[in-house]
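Working notes for the structure below.
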Amino acid sequence: MLMNRNILLAAFVAFNLAACANTEFVARGHDAATKAFREADALFAAGSYDAAVRAYSEFTRHYPASSLADDAYLRIVDVMLYRPVGSGESSWNALSAARDTLEVLLSKYPRTNRAVEARNMRRVLDAALAARSERDAARDSIAMHMRDSGASATAFAEVRRERDVLRQRI
């Protein structure tokens, strides 16, 4: 009986030690995730936008189960929308990339508490990208009409001025 009791006591102690070691490991992992997230935030705040995107992306790869993973995706979107557009780069590309990032967030974390925010941001980006498509289609149509009719650059400039006047009235 004493031997069974000692075995049970030893098993209980071993189980608790293992649980404590696991808790310490999880706590260290959480601390590492929080540290990595804060480092990415510091890069964003310092204006190192490309480095911040890389840091947040690395965070999502290394800590996908973190409670901050969905926030990291939203921060990537924030950086893409906030950073200045570089030479040869289109702001429309940034909008499109931001929308793609929101899609990844919503597919990986559909039940996140930030899903409503992500969906609203996606709607705004969809509207902006749709407006761009309509604008580009109208511009291309006008350009083809002007080219086909043999209109001069002066006539094209006049059409643009009239368009601007109409916009001001609306």
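The values are calculated or read from the model by the stated rules, or taken from the named source; none is laboratory data. Predicted, not measured: the structure shown is a model, and the values here were computed from it. So basically every Cβ, Gly included, is an ideal-geometry build from the backbone, and we count neighbours across all protein chains shown. These accessible areas exclude ligands, DNA and RNA; they are computed on the full protein's heavy atoms, side chains included. Shrake-Rupley method; radii C 1.70, N 1.55, O 1.52, S 1.80 Å.
Would you check which residues across segment 94-114 are free of Cβ contacts under 8 Å to residues at least 24 places away in the same chain and either open to solvent by less than 50 Å² (accessible area, probe 1.4 Å) or under 13 Å from Leu125 (Cβ atoms) (or both) and list them?
Correct list: Ala94, Ala97, Asp100, Glu103, Leu106.
Tell me, yes or no, whether segment 62-82 has at least one residue that is at positive phi and at pLDDT below 95.
First, the residues of segment 62-82 that are at positive phi: none.
Within segment 62-82, not a single residue is at positive phi and at pLDDT below 95.
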